[in-house]
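Before any comments, here is the structure.
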Amino acid sequence: MRSNPTKGRAGLNIVRPLEGKPSVTSDIRANVAQYYDLNPEVPADVGFYTALVPSPEASILELGCGTGRVLLPIAQRCGYVQGVDLSEPMIAVCRDKLRRAHIPGKKAAVAVGDICDFNLGRTFDLIIAPYRVLQNLETDSQLHGLFRCLHTHLSSGGTCVLNVFRPKWMPRSCAGIGSRTKRPSAGRSRSRAVELPVTIDVLTSPPTT
């Protein structure tokens with residue numbers, strides 16, 4: 001079963017929202033999409049994600065697919081892959097790469113959409129969000145929206161893999177990051193360091209009985 005995005009500006013597919021609530025609205029990559037693939041610091045993670053494909057017939061959803069760095073290799077190993085990204089310029093680059101790679105629409109498709117509020121009208125065997133996509137979200141509301149959409153789109157028995165980065169610095173080096181300053185009655189200020197939690201989860205939907 002194919003996904004059901006609608007046509008939007010410049011002929012790009014636009015994903016319908018799940019609830020229609022405003023969430024992520026800014027596209028920080030709008031002016032750099034054409035240079036994104038020149039970034040020398042991307043992780044060597046493509047093999048990790050392609051190895052997660054459970055079968056040649058599997059359906060895959062990539063959130064924050066960008067220019068298709070991971071999506072195109074996955075398309076070679078699965079039955080169907082759907083990519084979603086907020087950035088229209090990034091999706092345009094990805095769609096052009098799919099065209100030049102001669103990957104047909106029945107094998108792979110991409111659409112503009114908010115990963116916190118989208119409705120593709122189907123479920124997927126594997127959902128991934130590589131390269132810190134999760135950490136683009138800034139509020140509890142956005143996180144709740146993301147996990148609501150994951151719950152809606154993950155097949156029974158399916159798997160979801162979300163990636164975040166592990167800070168390089170020792171905890172004492174992060175003392176000033178996210179600190180809250182108080183001013184006691186004596187007139188001195190002090191800072192309280194806020195921990196930077198790192199979580200990497202593999203979410204599996206239990207099969208129906």
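How many residues does region 84-98 contain that are farther than 21 Å from Ser59 by Cβ and either within 15 Å of the chain's Cα centre (by Cα) or outside any helix (DSSP H, G or I) (or both)?
4
How do the pairs read when you match residues in region 127-138 that are at negative phi with residues anywhere that are assigned to a loop (DSSP other than H, G, I, E, B) and among the acidic types (Asp, Glu), using Cβ under 9 Å and keeping only pairs 6 or more apart or on different chains?
Pro130/Asp45
How about region 122-135: which of its residues are farther than 22 Å from Pro73 by Cβ and loosely packed, with under 14 Cβ neighbours inside 10 Å?
Gln135
Please give the number of the condition Asp96 fails out of (1) within 26 Å of Phe165 (Cβ to Cβ); (2) among the acidic types (Asp, Glu); (3) without any contact (Cβ under 8 Å) to a residue 60 or more places away in the chain.
Here Asp96 clears every test but (1).
Taking the condition of being of a type in the set (S, T, N, Q) and at pLDDT 95 or above, how many residues in region 61-116 meet it?
So the answer is 2.
Filter region 60-88 down to the residues that are of a type in the set (Gly, Ala, Ser) and closer than 11 Å to Ala108 by Cβ, then identify the one that is surrounded by the fewest Cβ atoms within 10 Å (Cβ to Cβ). Walk me through it before giving the result.
At the first step, the residues of region 60-88 found to be of a type in the set (Gly, Ala, Ser) are 64, 66, 68, 75, 79, 83, 87.
Within this subset, residues satisfying the condition of being closer than 11 Å to Ala108 by Cβ are 68, 75, 79, 83.
Numbers: Gly68: 27, Ala75: 23, Gly79: 15, Gly83: 29.
Among them, the one singled out is Gly79.
Name the strands (runs of 3 or more DSSP E) wholly inside region 119-209 in which the number of residues that are modelled with pLDDT under 65 is 3 or more.
In region 119-209, 180-182, 190-192, 202-204 are the strands (runs of 3 or more DSSP E) which contain 3 or more residues that are modelled with pLDDT under 65.
Just give me the residues in region 99-109 being out of contact with any Ser or Thr (no Cβ under 7 Å at 6 or more places or on another chain) and either touching a residue at least 40 places away in the same chain (Cβ under 8 Å) or part of a loop (DSSP other than H, G, I, E, B) (or both), in sequence order.
The answer is Ala101, His102, Ile103, Pro104, Gly105, Lys106, Lys107.
What's the total number of residues in region 113-152 that are among the aliphatic types (A, V, I, L, M) and more than 17 Å from Val164 (Cα to Cα)?
Within region 113-152, residues that are among the aliphatic types (A, V, I, L, M) and more than 17 Å from Val164 (Cα to Cα) number 2.
The values are calculated or read from the model by the stated rules, or taken from the named source; none is laboratory data. Keep in mind that this is a model prediction, so the values were computed, not measured. Quick reminder, even Gly has a Cβ in these numbers, built from the backbone with ideal geometry, and neighbours come from all protein chains shown.
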